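Chemist: Handing you this structure, nothing more for now.
The values are calculated or read from the model by the stated rules, or taken from the named source; none is laboratory data. Here the structure is a predicted model, which means the values were calculated and not measured. Backbone-built Cβ (ideal geometry, glycine too); neighbour counts: all protein chains shown.
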Amino acid sequence: MNNKKQEELWQERLNRYEQSGLSKSEYCRRNNLNIHQLVYWKKRLKQFSGGSFVQISGSSRPVEIHIGSKVKLVVDSGYNAGVIKSLVELLSDVRN
């Protein structure tokens, strides 16, 4: 299963868990899930929930892109947005 499908699956599971009103351990027991995986995916998906891409145009100053707390890209004007988006996605996967 690729990363995107796995993220979608766990996001669905986490949504159901949060709506259940059950404790983590009880929800996992009833749904035959590993509690450690539930905690891992909750933390992982939370890291990326605030992230998004915004369009920047007309800037002559470099743009800084932070991925987590350890990776920073500085991009000068004239960049290819598709390449930058792919690079950010790749670095996000490698970082985790």
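Chemist: So, in the range 72-92, how many residues would count as being within 19 Å of K4 (Cβ to Cβ) and in a loop (DSSP other than H, G, I, E, B)?
Modeler: 0
Chemist: Out of all the residues in the range 65-78, is one or more modelled with pLDDT under 75 and charged (D, E, K, R)?
Modeler: Within the range 65-78 (the criterion being modelled with pLDDT under 75 and charged (D, E, K, R)), the answer is yes, since at least one residue qualifies.
Chemist: Any chance you could count how many residues in the range 3-59 are exposed (fewer than 10 other Cβ atoms within 10 Å of the Cβ), at pLDDT below 80 and either in a loop (DSSP other than H, G, I, E, B) or not small (G, A, S) (or both)?
Modeler: Total satisfying the criteria: 6.
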